[in-house]
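J.: Have a look at this one before I ask anything.
The values are calculated or read from the model by the stated rules, or taken from the named source; none is laboratory data. On a predicted model such as this, the values are computed, not experimentally measured, just so you know. When we count neighbours, we look across all protein chains shown, and the Cβ atoms used for this are built from the backbone with ideal geometry, even at glycine. With ligands, DNA and RNA removed, areas are computed over all heavy atoms of the protein, side chains included. Shrake-Rupley method; radii C 1.70, N 1.55, O 1.52, S 1.80 Å.
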Amino acid sequence: MADNNKRRIAVFGSTGSIGTQTLEVIEANPELFEVEILTAQTNDKLLIEQALKFHPNAVVIGDESKYDAVKTALLPTNIKVFAGENALEEVADFDTYDMMVAAIVGFAGLKPTLKAVEKGKAIALANKETLVVAGDIVMQLAVEKRVPIIPVDSEHSAIFQCLVGETRNKIEKIILTASGGPFLGKKPNFLVNVKRHHALQHPNWVMGAKITVDSATLMNKGLEMIEAKWLFNLSPDQIQVIIHPQSIIHSMVQFEDGSVKAQMGLPDMKLPIQYAMGFPHRIANKSPRIDFRKLSVLNFEEPDIKTFRNLSLASLALEKGGNLPCILNAANEIAVWAFLNNRIGFLDITAVVEKSMEKISFIEKPNLSDYFESDGEARNFAASLVKM
Ligand code: NAD
Ligand code: MG
């Protein structure tokens, strides 16, 4: 903590859905938080606007061709400007922040997050891909460095909240809730014709494009199963997925006495974001409350894993472990990108992931460089399938 007791926050991925909502939480709580670092990949305009508003110590623009624009705009300030991929790790290595909000999307978030853990910084983790790819290495390092990794993903935040006060009690299982996405109840004959704009309409949450497609294919829930395994040290048979279309129960924990704890709230990512940033304290806010008199039903149903086969692929990766989740993630990132660019169909996403998992060599106990190699190999192979 800084002398003035404000928590100094480094927002990695500040221009995204989670990043901008993180800044809204900071803006609403100026006595608790201040911004130390902001990073963005391509949106220089928004990054500049954010920097002028929040006065961080440093900003990073990933796209080097935008460096001059950012540098020029911030010339009248004393904000340090960096550019390029390596700069993310450089600023993650700064001493001057207390907590990283890891809100970059995809594999790109892994290196800077690992650097922050190595530096002993608290992590508010939105970037689930970091744990999907290298959860063993990240969690091991976090234990060694005594770094708290507090989930921002709403399901994992729910489980984390249910576990407060339960450190001595064994988890029997966790129940991850899934909204089911925009295509709940649909079959392959419908899904084969689905286009980008259909998949980008999520019923309950407004999010970045990649996670919105992942929610539509249920890969998001698959990634979340793997994320949960690492965060809460679970075996695959302790992780159950259930469809809950209203997104009111954000997830549940069942204990050995059969008691189940659930965490509820209206679907609003600012709640898990501010919970992670303020932990162990809850921060008062004026967001809308659930009115149980108006909430007539909460529904639950089994996921349709025959149609949404990504969930089976992710279960396989969860069970086999090694570099398989890393391969699944890399192939999925390429396939989702290709789908968003209208190069492949909705059902092809699963086919690309499945073929990549079959093709790339399995490594049972990978080290960090194995993960980077597997990621690269899986990306190249998946790209050859979508003819990029
Ligand atoms: P987004 O696409 O809206 O934002 C991504 C951010 O990362 C942007 O600031 C972008 O500039 C940056 N970025 C993108 N590619 C990058 C790269 N190669 N290198 C460095 N920075 C890069 O995504 P989002 O929806 O905010 O999701 C961020 C993360 O949070 C994802 O891992 C997602 O799964 C997770 N998450 C998001 C939500 C949500 O409601 N949006 C909920 C739960 C979890
Ligand atoms: Mg989630």
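J.: Of these, 187, 195, 221, which one is in contact with a helix residue (DSSP H, G or I) (Cβ under 7 Å, 6 or more places away or on another chain) and not polar (S, T, N, Q)?
T.: 221
J.: Any residue at all in the stretch 129-136 that's modelled with pLDDT of 95 or more, hydroxyl-bearing (Ser, Thr, Tyr) and within 16 Å of ligand 2 (Cβ to nearest atom)? Lay out the reasoning, then the answer.
T.: Quick first cut of the stretch 129-136, residues modelled with pLDDT of 95 or more only: 129-136.
Going one step further and asking which of them are hydroxyl-bearing (Ser, Thr, Tyr), we end up with 130.
Okay, now just the ones that are also within 16 Å of ligand 2 (Cβ to nearest atom), so 130.
Checking the stretch 129-136: at least one residue is modelled with pLDDT of 95 or more, hydroxyl-bearing (Ser, Thr, Tyr) and within 16 Å of ligand 2 (Cβ to nearest atom).
J.: Quick check on residue 364: is it part of a helix (DSSP H, G or I), more than 23 Å from the chain's Cα centre (by Cα) and surrounded by fewer than 16 Cβ atoms within 10 Å (Cβ to Cβ)? Reasoning before the result, please.
T.: Working: part of a helix (DSSP H, G or I): no; more than 23 Å from the chain's Cα centre (by Cα): yes; surrounded by fewer than 16 Cβ atoms within 10 Å (Cβ to Cβ): yes.
No: the conditions fail for residue 364.
J.: Inspect all residues belonging to the stretch 79-89 and state whether any of them is within 18 Å of residue 18 (Cβ to Cβ) and either at pLDDT 95 or above or not in a helix (DSSP H, G or I) (or both). Show your work before the answer.
T.: At the first step, the residues of the stretch 79-89 found to be within 18 Å of residue 18 (Cβ to Cβ) are 88.
Applying the additional criterion that residues be either at pLDDT 95 or above or not in a helix (DSSP H, G or I) (or both) yields 88.
Yes, the stretch 79-89 contains a residue that is within 18 Å of residue 18 (Cβ to Cβ) and either at pLDDT 95 or above or not in a helix (DSSP H, G or I) (or both).
J.: Any idea which of (1) open to solvent by 80 Å² or more (accessible area, probe 1.4 Å); (2) polar (S, T, N, Q); (3) in a helix (DSSP H, G or I) is the one residue 342 doesn't satisfy?
T.: Of (1) open to solvent by 80 Å² or more (accessible area, probe 1.4 Å); (2) polar (S, T, N, Q); (3) in a helix (DSSP H, G or I), only one is false for residue 342: (3).
J.: When only residues in the stretch 158-185 that are open to solvent by less than 30 Å² (accessible area, probe 1.4 Å) and closer than 13 Å to residue 247 by Cβ count, which is farthest from ligand 1 (Cβ to nearest atom)?
T.: Among those that are open to solvent by less than 30 Å² (accessible area, probe 1.4 Å) and closer than 13 Å to residue 247 by Cβ, it is 180.
J.: Sticking with this structure for a sec: What pairs come up if the first residue lies in the stretch 304-320 and is within 19 Å of residue 186 (Cβ to Cβ) and open to solvent by less than 40 Å² (accessible area, probe 1.4 Å), the second is hydroxyl-bearing (Ser, Thr, Tyr) and assigned to a helix (DSSP H, G or I), and their beta carbons are under 8 Å apart, counting only those six or more places apart or on different chains?
T.: Listed by first residue and then by second, the contacts come to 308/217; 310/217; 310/350; 313/350.
J.: How many residues are assigned to a loop (DSSP other than H, G, I, E, B) and either open to solvent by 10 Å² or more (accessible area, probe 1.4 Å) or within 8 Å of ligand 1 (Cβ to nearest atom) (or both) when one looks only at the stretch 186-217?
T.: The qualifying residues number 14.
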